[in-house]
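One structure is given below, encoded as structure tokens.
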Amino acid sequence: MNRIENISKRSKEQILERLKRSHRDSKFIYTPSTDPFGHIQSSGDKLEEMKRKMTDNKYIVEECAKDKIEEKINAIVAEYGYTKMIYGDGLKLDIQKISAEEKVCFNQEIEHLRQEVFHSDFSVIDARVGVSSHGVALVHSSRTQPRMLSLAPNLCIMLLEKKNVVSSLAEALNLIKSENPTLPSNILFIAGPSRTADIELITVFGVHGPQRVHIILYE
């Protein structure tokens, strides 16, 4: 037994030493991910293909001009009668123009805002890119846009500039790698509202995230 323990201890020490040495000596090197996009059938129009596939994924796709985003948000929220909003500190909107009785900025640790986060009706978040091959949006969490914004409320409203549409998942990841010397701790590919069919193969929405997701495409 002692022999096995000694071997295990020695192996553990060797592994830890190699990890320390690797961390000390290496620098972050951006290596592009291999892109299998050539094997995916495409229409050639990235924006239209993304809109179609997002609709298939149960997104509700909206479009408007950049200076009309607040109006579009108000129209969406009015459909559901929602009044409690939560948003990230980095959201570049005129919050005063949003029609909501309560507006909470998620600028503290979740322990200090748990009640507000889990009892908000809707959130508004920015998507970095949309992916035409799969009809998904890439969102990476940060201090100014915590991950729970896309998970806790019943309705998540996502904002995506039309020029930020890429062809494939690999292209989206390569973009994030090129923009960040250190990768974000959390990268989400959101494919519409939360849904599961674990119980008797009956699809249920909103179990693990929002029941509804609207994406506003603007230019």
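The values are calculated or read from the model by the stated rules, or taken from the named source; none is laboratory data. Please read these numbers as outputs of a predicted model, since none were measured by experiment. Methodologically, a virtual Cβ is constructed for each residue, glycine included, from the backbone with ideal geometry; neighbour enumeration extends over all protein chains shown. Heavy atoms of the whole protein, side chains included, go into the accessibility calculation; ligands, DNA and RNA do not. Shrake-Rupley method; radii C 1.70, N 1.55, O 1.52, S 1.80 Å.
Here are some notes:
- Residues of the stretch 143-174 satisfying the condition of being of a type in the set (Gly, Ala, Ser) and either farther than 12 Å from ARG128 by Cβ or open to solvent by 50 Å² or more (accessible area, probe 1.4 Å) (or both): SER150, ALA152, SER167, SER168, ALA170
- Filtered residues of the stretch 186-205 (kept if among the aliphatic types (A, V, I, L, M) and either outside any loop (DSSP other than H, G, I, E, B) or touching a residue at least 40 places away in the same chain (Cβ under 8 Å) (or both)): ILE187, LEU188, ILE190, ALA191, VAL204
- Residue in the stretch 150-164 that is farthest from ILE69 (Cα to Cα), counting only those that are under 13 Å from the mean Cα position of the chain (by Cα) and at pLDDT 95 or above: CYS156
- Those strands (runs of 3 or more DSSP E) of the stretch 53-116 in which at least 3 residues are closer than 19 Å to ALA127 by Cα, open to solvent by less than 30 Å² (accessible area, probe 1.4 Å) and not acidic (Asp, Glu), considering only elements entirely within it, cover 84-88.
- Consider the stretch 175-216 and keep the residues that are of a type in the set (Ser, Thr, Tyr) and open to solvent by less than 40 Å² (accessible area, probe 1.4 Å). The one that is farthest from the chain's Cα centre (by Cα) is THR196.
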